[in-house]
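What follows is one structure encoded as structure tokens, with my remarks underneath.
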Amino acid sequence: MISLTTALVALALSASQALAYSGDMTYYTPGLGACGKYNSEQDHIVALAPAQYGNDANPNKAKVCGRKISIHYGGKTASATVVDKCPSCASGSIDVSPAVFKQLASLDKGRVKVTWGYAGSSAVNVEDLGDGQVRLVMADDRDQVNEEYEGFENAKENEL
């Protein structure tokens, strides 16, 4: 019989892996993004592939808007906020601002293979059901928007 701690660690590790993506990372010149925010080359932002961005009726209200991701390449890690959709990106691939790309690789590379995942998305909550029984529930922070996103300039209604 395995211990509860062992089971929790195994579940957390499998959840973390399930929420990880891999693909190409390229960079672009930001402007007005699909989330309805203006951004510049200096902002730490990312555009997701349609498979990860989703197909919300109103892309400005997509569930991924404002979420932070962690990107890994060559032993380095950078974070970026989701503000845009990359229509030409394959599933798992991302398009980032030059500021993010430069944290991980030289702009001369243009395209590199990365892994990435949503920051803080692999927590497991344990509910005590009594009589020595517990229920494991994946914690989901999709509705949490980071402070950086709140500071980005909103598009005007006629620009959306």
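What the table shows:
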{"item": "Candidate set from region 8-23 (those that are open to solvent by 30 Å² or more (accessible area, probe 1.4 Å) and either in a loop (DSSP other than H, G, I, E, B) or within 18 Å of Tyr53 (Cα to Cα) (or both)); member that is modelled with the lowest pLDDT", "result": "Ala18"}
{"item": "Single condition Thr5 does not satisfy, out of (1) more than 12 Å from Lys85 (Cβ to Cβ); (2) modelled with pLDDT of 95 or more", "result": "(2)"}
{"item": "Residue that is nearest to the chain's Cα centre (by Cα), among those in region 31-62 that are open to solvent by 10 Å² or more (accessible area, probe 1.4 Å) and among the aliphatic types (A, V, I, L, M)", "result": "Ala51"}
{"item": "Filter pass, Lys102 being open to solvent by 20 Å² or more (accessible area, probe 1.4 Å) and outside any loop (DSSP other than H, G, I, E, B)", "result": "yes"}
{"item": "Breaking point among (1) at pLDDT 95 or above; (2) not in a loop (DSSP other than H, G, I, E, B), for Asn60", "result": "(1)"}
{"item": "Residue among Ser91, Ser122 that alone is farther than 20 Å from Thr29 by Cα, assigned to a loop (DSSP other than H, G, I, E, B) and modelled with pLDDT of 95 or more", "result": "Ser91"}
{"item": "In region 78-98, residue nearest to Ala51 (Cα to Cα) [restricted to those that are of a type in the set (Gly, Ala, Ser) and open to solvent by less than 20 Å² (accessible area, probe 1.4 Å)]", "result": "Gly92"}
{"item": "Filtered residues of region 63-77 (kept if of a type outside the set (A, V, I, L, M, F, W, C) and either assigned to a strand (DSSP E or B) or surrounded by 23 or more Cβ atoms within 10 Å (Cβ to Cβ) (or both))", "result": "Arg67, Lys68, Ser70, His72, Tyr73, Lys76, Thr77"}
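The values are calculated or read from the model by the stated rules, or taken from the named source; none is laboratory data. Keep in mind it's a predicted model, so treat the numbers as computed, not measured. Glycine gets a Cβ as well: all are built from the backbone with ideal geometry, and neighbour counts include every protein chain shown. These accessible areas exclude ligands, DNA and RNA; they are computed on the full protein's heavy atoms, side chains included. Shrake-Rupley method; radii C 1.70, N 1.55, O 1.52, S 1.80 Å.
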